[in-house]
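The values are calculated or read from the model by the stated rules, or taken from the named source; none is laboratory data. For clarity, every value in this text was computed on a predicted model and none was experimentally measured. So basically every Cβ, Gly included, is an ideal-geometry build from the backbone, and we count neighbours across all protein chains shown.
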Amino acid sequence: MSEGHYDFDDLPAGDGILILSSEQVILSATLQAERLLRTRLEPGQTVALGDIFPEPYLAQAELALKETLDSGVLRAQLLTQILLPAEKVRFLKYSVAPLYGQDQKIIGAVLAFHDDTLTKSWSDWSDFGLGVKPGAVFEHLDRGLFIVNQRRTITAFNRTAQEFTGFSPDEVVGRYCWEVFQADRCKTGCALKATLEDGVTRKDQDVRIKDKAGRWLNLLISTAPIRNQRAAIVGGVQTFQSLGLALPRREARFPIPGEVTVIGQSPPMKRLLAMLPDVARSEATVVLEGESGTGKDLFAQAIHLRSPRATGPFVAFSCSALVETLIESELFGHVKGAFTGAISNKVGRFEMAKGGTLFLDEIGELKLALQVKLLRVLESKVFERVGSSQPIPMEARIIAATSRNLVEEVRRGRFRMDLLYRLRTVPFYLPPLRDRQADIPLLVNHCLARLNRKYGKEVRGVDPKVMSLFQNYAWPGNIRELERVLEYAFVFVKGVVITKDLLPEMESPRPRPAATAHLHRQRWDSELLIIQKALHQARGNREAAARVLGISRSSLWRRMKAYDLL
């Protein structure tokens with residue numbers, strides 16, 4: 001835009017901007033303009049106004065653009081509409097201003113658009129009054145909307161409101177709004193009641209109402225008065241956007257001392273959360289298994305922070321981060337001169353974690369030679385720095401994590417069976433996000449709160465269509481991917497609700513539930529085969545089989561009982 005200028009400081013932050021040359025070639029267009037107009041606007045493309053403005057708004061737009069290009073007239077407060085899916089509409093206000101070149105000649109025009117749906121609908125009904133049934137605009141709005149008289153009796157209820165709440169117009173018209181919705185603000189702090197009393201418009205307020213099925217819904221509402229020709233208030237209008245089902249008051253979060261919160265109310269997460277306090281209080285080694293991005297590191301911290309070792313250090317180490325020759329030194333430390341480059345003594349992770357917890361992430365990546373050394377440390381409770389024979393007591397609890405199936409790794413000869421059973425006193429399987437549908441609204445709200453703090457915004461929720469997409473998406477990257485998707489939307493969101501057009505591409509198909517169940521079955525069957533093989537090798541002697549597996553006789557007994565081998 002070096003060849004033209006326009007004062008953009010006067011434009012509202014939410015405006016979509018389209019800049020055209022005098023030949024109607026697109027010079028520039030903002031992403032917000034594409035979203036409002038629901039069309040691609042590529043610079044260099046010649047655009048026909050008929051592609052943007054529908055009848056009967058096209059003639060006015062053509063005249064406004066011609067006047068601006070011919071005489072530099074600024075045209076403001078013009079109206080158009082955009083057709084949305086499901087026969088809904090969005091009203092836009094727009095202005096047309098001249099664009100000047102360096103020689104002060106008009107070389108094009110700047111069109112600024114903003115959403116005016118609520119203002120348009122409210123003014124229409126103010127003209128009608130309450131005695132006339134609202135027309136097509138009312139039914140095709142992309143927001144839920146209802147009208148009340150001064151007594152807060154519902155007189156009209158649009159199609160979108162019916163879709164959100166499950167109530168039909170016949171079920172609500174003639175009834176008090178507070179009687180129908182039982183909102184948490186009906187008795188105190190009702191925005192619609194206040195608007196009827198003082199005539200002040202209120203926007204973007206959070207409320208909870210009950211739908212027809214008795215479920216609590218989170219809504220973002222706005223209210224406005226309806227006046228007659230004498231400017232007296234004769235009723236009110238309330239619009240709302242659904243932010244989805246309200247979160248349960250309980251079982252939503254599992255607070256941990258410190259700054260860790262484990263979130264979940266789905267059946268698999270409830271089972272894990274029920275186990276967590278007992279596991280944390282014990283000194284048992286734990287293996288956290290699950291796909292990448294399921295929150296294994298968070299669970300490890302949660303166990304540590306609820307354990308008697310909570311005041312000690314939590315030391316994390318990724319077994320896949322370094323080459324094998326360096327991992328041993330990082331874990332156990334080394335003395336000066338132990339190898340080339342060892343110019344001083346170095347404390348290893350085992351020493352750093354003294355009195356606390358050592359978290360070994362991606363334990364399945366550890367090479368067999370190091371597995372032997374780790375097993376020896378776990379059994380003897382002592383270790384030596386590389387290059388030293390001085391034993392050092394191991395005074396840390398071990399929590400390991402892996403995204404691999406360790407039982408399958410044992411079968412393939414890539415992981416030691418005795419180390420598996422030494423580590424896996426308590427196995428924790430963290431389910432993938434696709435198996436935690438009930439947790440997705442909780443996780444979304446948790447992420448939104450964090451992102452609001454990070455970006456200084458006030459996003460209240462996601463559109464129901466977005467939530468439906470989230471709950472039917474495969475999430476190959478699990479929680480980590482959910483966080484990335486929401487942060488992407490946060491970069492572009494201008495309002496208080498994240499809509500589908502703000503999301504990045506998400507094309508992964510959702511796997512059949514049977515596929516996930518099959519994976520669990522494989523994990524179960526593989527361990528069963530290993531135990532059966534050990535018992536066969538020991539000719540049925542449980543004590544000998546336990547020695548082969550590297551576990552205690554009581555641990556073997558518990559597993560045999562679980563697999564119905566007794």
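Descriptive notes on the structure:
- Any hit, the range 327-337, residues being touching a Ser or Thr at 6+ places or on another chain (Cβ under 6 Å) and in a loop (DSSP other than H, G, I, E, B): yes
- Leading residue by the ranking (farthest from the chain's Cα centre (by Cα)) among those in the range 311-337 that are at pLDDT below 85 and aliphatic (A, V, I, L, M): L326
- Some residue of the range 517-534 being modelled with pLDDT under 90, touching a helix residue (DSSP H, G or I) at 6+ places or on another chain (Cβ under 9 Å), in a loop (DSSP other than H, G, I, E, B) and surrounded by 13 or more Cβ atoms within 10 Å (Cβ to Cβ): no
- Test: L423 is in contact with a Ser or Thr (Cβ under 9 Å, 6 or more places away or on another chain), farther than 29 Å from Y488 by Cβ and modelled with pLDDT of 85 or more: yes
- Of everything listed in (1) modelled with pLDDT of 80 or more; (2) out of contact with any helix residue (DSSP H, G or I) (no Cβ under 9 Å at 6 or more places or on another chain), the single unmet condition for R512 is (1).
- Taking helices (runs of 4 or more DSSP H) as the structural unit, those lying wholly within the range 151-210 and holding at least 2 residues that are among the β-branched types (V, I, T), closer than 21 Å to K465 by Cα and not assigned by TED's automatic domain parsing to the domain that holds V496 correspond to 159-165.
- Check on R460, surrounded by 14 or more Cβ atoms within 10 Å (Cβ to Cβ), farther than 14 Å from G264 by Cβ, modelled with pLDDT under 85 and over 11 Å from the mean Cα position of the chain (by Cα): yes
- Residue identified as under 23 Å from Q205 (Cβ atoms) and of a type in the set (D, E, K, R) among R414, R480, R453: R453
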